[in-house]
Amino acid sequence: MRKDRSKALFEKAKQFIPGGVNSPVRAFRAVGGDPLFIKRADGAFIYDEDDNAYIELINSWGPMILGHNHPMIREAIVRALENGTSFGAPTAREVEIAELIISMVPSVEKVRMVNSGTEATMSAIRVARGFTGRDKFIKMEGHYHGHGDSFLISAGSGAITMGNPDSPGVTVGTAKDTLLAPYNSLEAIESLVAANPNEIAAIILEPVPGNMGLVLPKPGYLEGLRKICDREGIVLIFDEVMTGFRLAKGGAQELFGVTPDMTTLGKIIGGGMPVGAYGGKKEIMDFVSPSGPVYQAGTLSGNPIAMAAGLAMLRHLDSHPEVFSQLNAIGDSLVTGFRSVLDELGLNFTINQLGSMYTLFFTDQEVYDFETAKKSDTALFGRYFQAMLSRGIYLAPSQYESLFLSTALTEDLVGKIVTAHGESIIEVMGR
Ligand code: PMP
């Protein structure tokens, strides 16, 4: 497999862009080797600059739920383009997408569009603080909510991979208002609440975290958080940037039947364009400017091209609920295949899966929080990643990520991935 062009581009990129990439985890630091530079993607495949084809299990970190370059989304973008690329003024599509999101996501009664997941979570925390008049919030260890200062404290995703979860540049003053709890422990939340009476504005979490690898909530955990928040007047925020419109039409909150006060969304609602959103209860969202005092704005927010792509995507998901059962079936079939390979080889690695999200952890211990996720053998993961890549399978280049499946994965392609997995495991384990 030739990678000459990717290699040359990376060498040049490093002269002009920090680390050669515009987002850290893309640099393959955790797995070694040079990143692939991508030329195009279509359906279940992504193609690099050297014209190698790979089966996609990242899918732009989630949004390409229907596979790449879906004709319906492409057409919506092209049609919108004919009328101009940005107006900085309200449009009909923004009203339509807001109405649709509200009809799909249980907790959302009003919604504000922004340009990324980072903006969504930063804004949601500001609103929760403004609404409650309190400064502190609780975040779970290993969860990632974008790169807002107050979230870069024991953060997951690229922040773990880079080995600096507490980034320089985040002030001590900012960090002191972020309280940390291990995921899946209600006792830890109770102690923080008791130690900071009437001071906690919000609890924010990925209801099903994907940024320390995929981890599932223990039975009763999300319900327990809901009860504590109700009792203490704390705003419960589900960050569904990854899980929204993927685990179910209404995200993890629909699947688990627990309704937060606020929800942050991203990725899928842009159909691949740069979009995020935050929404929630009317009385909380009415605190947002210009109806309320909490300031939040954006020149490109509600961008007409992004809204056209997002509307096409959400309308499709809304009118084709079978997409979700299809995604779940693909996830089940892939993971069943992986498990049977591991069983045959007498290996007991943990695979966490929910629908179309999964992580294979290179540990035989149960993974239910950040500490247990860190038991994984990341060097072994790195070798497995390279073995899969050399067989044409494009995985997220870090142990601490979830994979994202798309409806473009046919049974035949699932079979190919399972075969590559078997060969890769044998190669890296020397069996
Ligand atoms: N929240 C979660 C749960 C995420 O997974 C991410 C990004 N992976 C973000 C927030 C930040 O989104 P963005 O990269 O669009 O800023």
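The values are calculated or read from the model by the stated rules, or taken from the named source; none is laboratory data. On a predicted model such as this, the values are computed, not experimentally measured, just so you know. Cβ placement follows ideal geometry from the backbone for every residue including glycine, while neighbour counts extend to all protein chains displayed.
Can you tell me which of (1) crowded, with 20+ Cβ neighbours inside 10 Å; (2) not in a helix (DSSP H, G or I) is the one Ile417 doesn't meet?
(2) is the only condition that Ile417 fails.
For the range 16-26, which positions are of a type outside the set (Val, Ile, Thr) and touching a residue at least 60 places away in the same chain (Cβ under 8 Å)?
Ser23, Pro24, Arg26
Out of (1) under 23 Å from Ala309 (Cα atoms); (2) modelled with pLDDT of 95 or more; (3) crowded, with 19+ Cβ neighbours inside 10 Å, what's the single condition that is false for Ile268?
(2)
Identify, by number, the condition in (1) near the ligand (Cβ under 7 Å from one of its atoms); (2) at pLDDT below 95 that Ser150 doesn't meet.
Result: Ser150 fails condition (1) only.
In this structure, is Gly292 within 16 Å of the ligand (Cβ to nearest atom), closer than 19 Å to Ser123 by Cα and surrounded by fewer than 24 Cβ atoms within 10 Å (Cβ to Cβ)? Give the steps one after another, and end with the answer.
Details: within 16 Å of the ligand (Cβ to nearest atom): no; closer than 19 Å to Ser123 by Cα: yes; surrounded by fewer than 24 Cβ atoms within 10 Å (Cβ to Cβ): yes.
For Gly292, the condition - within 16 Å of the ligand (Cβ to nearest atom), closer than 19 Å to Ser123 by Cα and surrounded by fewer than 24 Cβ atoms within 10 Å (Cβ to Cβ) - is not met.
Among the listed residues Leu265, Leu314, which satisfies the condition of being hydrophobic (A, V, I, L, M, F, W, C), part of a strand (DSSP E or B), in the same structural domain as Ile138 (by TED's automatic domain parsing) and closer than 24 Å to Ala76 by Cα? Give the steps one after another, and end with the answer.
Numbers: Leu314 fails: part of a strand (DSSP E or B).
Answer to the selection: Leu265.
Under the condition of being within 19 Å of Ile284 (Cβ to Cβ) and crowded, with 19+ Cβ neighbours inside 10 Å, which residue from the range 93-103 is farthest from the ligand (Cβ to nearest atom)?
Out of the qualifying residues, it is Ala98.
Keeping to the range 174-223, report how many residues are over 19 Å from Thr372 (Cβ atoms) and either within 16 Å of the ligand (Cβ to nearest atom) or assigned to a helix (DSSP H, G or I) (or both).
Residues flagged as over 19 Å from Thr372 (Cβ atoms) and either within 16 Å of the ligand (Cβ to nearest atom) or assigned to a helix (DSSP H, G or I) (or both) within the range 174-223 amount to 13.
So which residues in the range 328-386 are among the hydroxyl-bearing types (Ser, Thr, Tyr) and part of a helix (DSSP H, G or I)? Break it down into steps so the answer makes sense when it comes.
Residues of the range 328-386 among the hydroxyl-bearing types (Ser, Thr, Tyr): 333, 336, 340, 350, 356, 358-359, 363, 368, 372, 376, 378, 384.
Ser333, Thr336, Ser340, Thr372, Thr378, Tyr384 - these are the residues of the range 328-386 that are among the hydroxyl-bearing types (Ser, Thr, Tyr) and part of a helix (DSSP H, G or I).
Give the number of residues within the range 53-84 that are under 23 Å from the mean Cα position of the chain (by Cα) and under 29 Å from Met388 (Cα atoms).
17
I'd like the full set of residues that are away from the ligand (no atom under 13 Å from the Cβ) and either in contact with a helix residue (DSSP H, G or I) (Cβ under 7 Å, 6 or more places away or on another chain) or assigned to a strand (DSSP E or B) (or both), limited to the range 268-289.
The answer is Gly271, Gly279, Gly280, Ile284, Phe287, Val288.
Collect the residues in the range 234-243 that are in a loop (DSSP other than H, G, I, E, B) and either more than 9 Å from the ligand (Cβ to nearest atom) or modelled with pLDDT under 95 (or both), keeping them in residue-number order.
Hit for the range 234-243 is Ile234, nothing else.
Residues in the range 233-292 that are closer than 22 Å to Lys136 by Cβ and under 13 Å from the mean Cα position of the chain (by Cα): how many?
3
With the structure loaded, tell me whether Ser333 is without any contact (Cβ under 8 Å) to a residue 60 or more places away in the chain, more than 16 Å from the ligand (Cβ to nearest atom) and surrounded by fewer than 21 Cβ atoms within 10 Å (Cβ to Cβ) or whether it fails that test. Steps first, answer last, please.
Details: without any contact (Cβ under 8 Å) to a residue 60 or more places away in the chain: no; more than 16 Å from the ligand (Cβ to nearest atom): yes; surrounded by fewer than 21 Cβ atoms within 10 Å (Cβ to Cβ): yes.
So Ser333 does not fit the description; no.
Can you pull out every residue in the range 109-142 that is near the ligand (Cβ under 7 Å from one of its atoms) and assigned to a loop (DSSP other than H, G, I, E, B)?
Ser116
Against the conditions (1) in a helix (DSSP H, G or I); (2) surrounded by fewer than 19 Cβ atoms within 10 Å (Cβ to Cβ); (3) within 16 Å of the ligand (Cβ to nearest atom), where does Ser167 fall short? Just the number, please.
Single failed check for Ser167: (1).
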